[in-house]
1. Please compute the modelled spin-label separation between residue 52 and residue 20, points set 7 Å along Cα→Cβ, answer in nm with one decimal.
2. Between residue 343 and residue 66, what is the FRET efficiency for a Förster distance of 25 Å, r being their Cβ-Cβ separation, to the nearest 0.05?
3. So if we plug the beta-carbon distance of residue 416 and residue 187 into 1/(1 + (r/R0)^6) with R0 = 45 Å, what FRET efficiency do we get, rounded to 0.05?
4. Using 0.36 nm per residue of separation minus the Cα-Cα distance, give me the extension gain between residue 168 and residue 395 in nm, one decimal.
5. What is the fewest-to-most order of 282, 316 by other Cβ atoms lying within 10 Å of their Cβ?
6. Run the quick spin-label model on residue 222 and residue 33: label points 7 Å from Cα toward the beta carbon, then report their separation in nm to one decimal.
7. Rounded to whole Å, give me the distance from the Cα center of region 241-263 to that of region 324-371.
8. Can you figure out the FRET efficiency of residue 288 with residue 358, using R₀ = 35 Å and their beta-carbon distance, to the nearest 0.05?
């Protein structure tokens, strides 16, 4: 299972009718035997919350995708289809069956109106499935309509209930299949966008619950507020909270909450630096080297902040974030701690959490700034070198959830530090 996933029991995982232990064992053994013959890894798992369930490591190109069968009904549904024939495609809610030459992928709308409006525009007579015949023998037939039965079983998170299907697919390699699905869907969906104003996209597999967005027990009483917050950064904060399906945008919005306060806290640090230089008894106003130190301490950006952007971020976190609270956040989750401590394709700035005496605020600032640069452009402001850009829908973008949680935590700390007594 991909990082950050948690198993959630769906409503239709509940047993429709009581099954005897013998029936359950027989079905599970049959499924395990079929998996063994197909060289699909399958195991029995035990959970305090879910009890006993089966877990399958289904083929997904160069990786595996974990599929949890949480109920007897789910096991029977898998037994009713030739699941062994299917390979999941990339991070899409999509499969390819090479023996049948068919690719099927869940689709969704990105904004109102939805797919029901497309298939039933009048609200009376349905339009019916869309079938597009190929213009050449080398191209696949395209169908858009309700998901097939096997697709519903294999892809439980298909929210819209509709799919795009490519038939007579000539691709017999995984990468070619992904490429064909992306090229054909982009061409068809853009036509739908231009003709009907309906934005359609392939649905992607994603973490079912954000690793840090845990439910909190509602035991604390809400108190009458004593502090208030600046309107602009609060608007950015709520914008970020509503952009959970757009990780790059969400990261940047949380970053902009912090960025709003760069002038305030970078100037405070600059004042301390200047004060220290001027108090030094060896400082000489007629010495060029000493004047150079003074000038470098008060370089002002157009925003009114002092220093380059990386140093502004460092200064803001140093003023607003408690180092002990930051360390507690980074170590509160075992998977998160391992993620922050390791190198990844997202950034080379791993956080040295193992050094218990180290103030991690500067290391965190460098990591956050590096990711920000990869989202915004291909040039690193500080070093001037090429960096690999983070692009929407990439695997790296989908693995951004731990760093989104980190920058969200930092934004909250900055908002709290910058709050003022409620005006009366």
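Derivation of every value follows stated rules applied to the coordinates shown; laboratory data play no part. Given the structure is predicted, the values throughout are model-derived calculations rather than measurements. Note that each Cβ is placed from the backbone with ideal geometry, even for glycine, and that neighbours are counted across all protein chains shown.
1. 1.6 nm
2. On the way: r = 24 Å, r/R0 = 0.97.
The computed FRET efficiency comes out at 0.55.
3. On the way: r = 48 Å, r/R0 = 1.08.
After rounding to 0.05, the efficiency reads 0.40.
4. Details: separation 227, 0.36 × 227 = 81.72 nm, distance 2.83 nm.
Between residue 168 and residue 395, full extension yields an extra 78.9 nm.
5. On the way: 282 6, 316 29.
Taking fewest neighbouring Cβ atoms as first place, the list is 282, 316.
6. 5.8 nm
7. What the calculation gives is 19 Å, centre to centre.
8. Here the calculated transfer efficiency is 0.45.
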